[in-house]
Amino acid sequence: MIDVQKLTKRYGRNTVVDGLTFTVRSGAVTGFLGPNGAGKSTTMRMMLGLTRPDAGSTRIDGRAYHELRHPARHVGALLETAAPHRGLTAADHLLWLARSNRIARRRVGEVLATVGLTEAARRRIGTFSLGMGRRLGLAAALLGDPPVLVLDEPVNGLDTEGVKWLRELLRAMAAEGRTVLVSSHLMAEMSLVADDLIIISRGQLLAGTSMSDFIRRHGRTYVRVRTAEPLRLHGELEKKGASLRLVPDGGLEIDGLSAAEISRLAAAVGVPLEELSTHTGSLEDTFLELVGKGGSDTHV
């Protein structure tokens, strides 16, 4: 697993990561979320020994990254700032990584096949599209068959088919018992792939929990109603202390009362209901609401 303890990084007077503590468990995909400038990329760089923290530590299966003799066999990493030499072919780029980490040469062909780049193995990286470059970065992360993956915005540049492929790959990696940490700004995609969430803002932890518990604890649950007599029902609901919002299609979104309570009230006043359903906010809605609170409802 990945264990982060009181990690802190400052640049001058600006504290980018502020006493950050969390654990990423094995056998799960963990989404690493936060608004732009939250400190996600800096945290990942500190995990991988690329940025020195001012305080705190990161341990990967009990060891700091610099203590790993052949790191690519322990941690597969993909960072936004990674830039392989554009004059190398895809195969040569992976081959020197394999040699420097004592990884069998055959793995180069295997990971190129895994990411769908077999036919591009002898093409120079400078001719690759953004999506192909992303697939090559993923191939490099998988090269050492590592038990831990740390991926920063891995879907950038991938088309719809590529995003679906990556989702299935990450789920398969987690199912094998690996530790998978993924940062992304695509909330809809993260809601499909992540088991757990680590959410930070201004370098501090806002939430570290399972996806389901996060939505249950922080998400907005409301009842949606459609009726031919919305104004009449609106008045009756307000008398009961409910909060209401009229949506563009003429329906009502109601907070503060359950669907059963609304059904009984509508029946009592003789208002027929065309729709009565309970909804929970999406990951994106819940994330934006929590970040907007500035972490006042922090839950770890």
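Determine which member of the set Ala98, Ala38 is surrounded by 18 or more Cβ atoms within 10 Å (Cβ to Cβ), in a helix (DSSP H, G or I) and in contact with a Lys or Arg (Cβ under 8 Å, 6 or more places away or on another chain).
Values: Ala38 fails: in a helix (DSSP H, G or I).
Going through Ala98, Ala38 in turn, just one is surrounded by 18 or more Cβ atoms within 10 Å (Cβ to Cβ), in a helix (DSSP H, G or I) and in contact with a Lys or Arg (Cβ under 8 Å, 6 or more places away or on another chain): Ala98.
If a residue counts only when it is over 28 Å from Ser184 (Cβ atoms) and at pLDDT below 85, which helices (runs of 4 or more DSSP H) contained entirely in the stretch 195-300 have at least 2 such residues? Steps first, answer last, please.
Numbers: elements: 211-218, 230-239, 259-269, 283-292.
So the answer is 230-239.
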Unmet requirement for Val155, which otherwise passes all of (1) within 25 Å of Gln5 (Cα to Cα); (2) among the hydrophobic types (A, V, I, L, M, F, W, C); (3) not in a strand (DSSP E or B): (1)
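The values are calculated or read from the model by the stated rules, or taken from the named source; none is laboratory data. Here the structure is a predicted model, which is why all the values come from computation and not from measurement. With ideal geometry, Cβ positions are generated from the backbone for all residues, glycine too; neighbour counts draw on all protein chains shown.
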